[in-house]
Amino acid sequence: MHELSIVSSIVDTVTESLAAYPGAKVKEVRLRVGALASVIEDSLQFCYGIATEDTPLAGSVLVVNILPVVMHCEPCGADVEIVSLQSFRCPKCGEPVLDMRQGRELEIESIEIDEVEEQV
Amino acid sequence: MTTRIVELRRGILKKNDELAAGLRNRYTSAGVLVLNLVSSPGTGKTAFLELTLKALRARNARVAALVGDLETDNDARRLASSGAPVRQINTHGICHLDAEMIDKHLDGWQLGDLDYLFIENVGNLVCPSSYDLGERVRVALLSVTEGEDKPLKYPTLFNSADAAVITKIDLAVPCGFDRELALKNINEIRPGIRIFETSAKTGAGMEEWLDYLAQERAR
């Protein structure tokens with residue numbers, strides 16, 4: 001259950017990036033989370049509501065895009081998607097695969113904000 | 001009011017990853033091999049480490065350990081009986097060690113005076129896998145009492161490990177441990193990984209493990 005610390009980092013990072021947009025309100029935060037990132041979406045959502053209270057992120061929506069695990073298969077010379085995390089073998093040729101190309105991401109992709117118009 | 005999408009592309013654990021990269025540089029320039037030991041509570045990390053520290057000291061290696069637990073310094077006291085410098089990290093409820101905790105607890109230690117530094121993580125097979133501690137070798141441990149399918153249940157950790165250690169191998173027979181199946185499962189999740197079958201009680205598998213440590217350090 002380290003989702004609360006993860007959500008706290010999200011709040012810090014987003015709040016920092018808002019410095020460039022004074023008074024802006026956050027509507028949505030989009031994450032890219034690899035299927036092997038050890039993070040559970042339900043726990044993230046649960047913690048998000050609590051951790052964003054009284055912050056510029058309060059009331060915003062958290063969108064979690066889960067990215068499949070992609071490994072490079074040497075014999076096939078291709079990147080292949082690992083559907084079951086029970087076996088790290090190429091789904092095409094059956095050879096073991098070691099070289100991960102995607103699957104451990106844990107990042108904030110973008111935020112959607114409502115900007116306050118400049119007062120003239 | 002204007003709506004705007006701001007691309008951030010920022011790693012959520014960026015702060016930890018940067019600190020870990022800094023630690024990794026320090027370890028490398030000091031010439032110390034750092035290992036991060038991860039398992040469930042009760043696998044026998046402390047007993048395994050206690051024996052490892054003693055055996056390495058007997059080979060005249062300079063060793064130290066950091067040990068993480070939610071509360072108590074019981075493990076640090078056990079490990080200190082090996083004669084090696086040991087520090088306890090109490091996380092007070094946090095389920096993993098992070099790079100900042102390591103950095104803080106290394107204060108005052110001369111890394112250049114060490115050959116090996118072991119970090120015994122908090123007993124947990126999930127959360128520690130997200131936090132880089134700057135280690136060169138991540139070790140996933142599994143005891144024969146836990147069941148052969150543990151690697152399949154926790155692929156995140158086993159897939160990120162550099163070595164796997166099976167502990168309590170002396171209990172394999174009474175527990176009905178299916179060794180072949182366990183080895184197969186570990187290999188399905190992390191093909192080709194080095195696997196050590198050990199017992200802290202009988203000392204089985206320790207020679208092979210110590211040789212591996214020496215090889216890794218020499219690399």
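The values are calculated or read from the model by the stated rules, or taken from the named source; none is laboratory data. Note that the coordinates shown come from a computational prediction; the quantities given were computed from them, not determined experimentally. Because the Cβ atoms are built from the backbone with ideal geometry, glycine has one as well, and the counts that use them run over all protein chains shown.
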Test: residue in the stretch B:135-148 that is under 30 Å from A:Ser84 (Cα atoms), assigned to a loop (DSSP other than H, G, I, E, B), touching a residue at least 60 places away in the same chain (Cβ under 8 Å) and within 11 Å of the chain's Cα centre (by Cα): yes
Tally of residues being of a type outside the set (Asp, Glu), within 14 Å of another protein chain (Cβ to nearest Cβ) and assigned to a helix (DSSP H, G or I) across the stretch B:172-210: 7
Residue match in the stretch B:101-114 (condition: crowded, with 24+ Cβ neighbours inside 10 Å and within 14 Å of chain A (Cβ to nearest Cβ)): no
Residues of the stretch B:28-76 satisfying the condition of being out of contact with any Gly (no Cβ under 8 Å at 6 or more places or on another chain), of a type in the set (Ser, Thr, Tyr) and at pLDDT 95 or above: B:Thr28, B:Ser29, B:Thr46, B:Thr52
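Going by the conditions given, is B:Asn159 within 14 Å of chain A (Cβ to nearest Cβ), more than 16 Å from the chain's Cα centre (by Cα) and surrounded by 19 or more Cβ atoms within 10 Å (Cβ to Cβ)?
Criteria not met by B:Asn159.
Which is surrounded by 14 or more Cβ atoms within 10 Å (Cβ to Cβ), within 19 Å of B:Ser130 (Cβ to Cβ) and in contact with a helix residue (DSSP H, G or I) (Cβ under 6 Å, 6 or more places away or on another chain), of A:Val64, A:Val69, A:Val39?
A:Val64
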Subset of the stretch A:89-120 [small (Gly, Ala, Ser) and surrounded by 13 or more Cβ atoms within 10 Å (Cβ to Cβ)]: A:Gly103, A:Ser110
So A:Ala51, is it in the same structural domain as A:Leu4 (by TED's automatic domain parsing) and under 17 Å from the mean Cα position of the chain (by Cα): yes
Elements of type helices (runs of 4 or more DSSP H) in the stretch B:1-90, at least 3 residues being among the aliphatic types (A, V, I, L, M) and within 20 Å of B:Arg138 (Cα to Cα): B:14-30, B:45-58
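Got a sec? Which of A:Ala51, A:Ala78 is away from chain B (no Cβ under 12 Å) and out of contact with any strand residue (DSSP E or B) (no Cβ under 8 Å at 6 or more places or on another chain)?
On the way: A:Ala78 fails: out of contact with any strand residue (DSSP E or B) (no Cβ under 8 Å at 6 or more places or on another chain).
Exactly one of A:Ala51, A:Ala78 is away from chain B (no Cβ under 12 Å) and out of contact with any strand residue (DSSP E or B) (no Cβ under 8 Å at 6 or more places or on another chain), namely A:Ala51.
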Residue within the stretch B:128-135 that is out of contact with any strand residue (DSSP E or B) (no Cβ under 6 Å at 6 or more places or on another chain), surrounded by 22 or more Cβ atoms within 10 Å (Cβ to Cβ), at pLDDT below 95 and not aromatic (Phe, Trp, Tyr) present: yes
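Listed here are the residues, each with its yes/no results for (1) part of a helix (DSSP H, G or I); (2) in contact with a strand residue (DSSP E or B) (Cβ under 9 Å, 6 or more places away or on another chain).
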site: A:Ile10; (1), (2): yes, yes
site: A:Val14; (1), (2): yes, yes
site: A:Ala19; (1), (2): yes, no
site: A:Asp42; (1), (2): yes, no
site: A:Pro56; (1), (2): no, yes
site: A:Leu62; (1), (2): no, yes
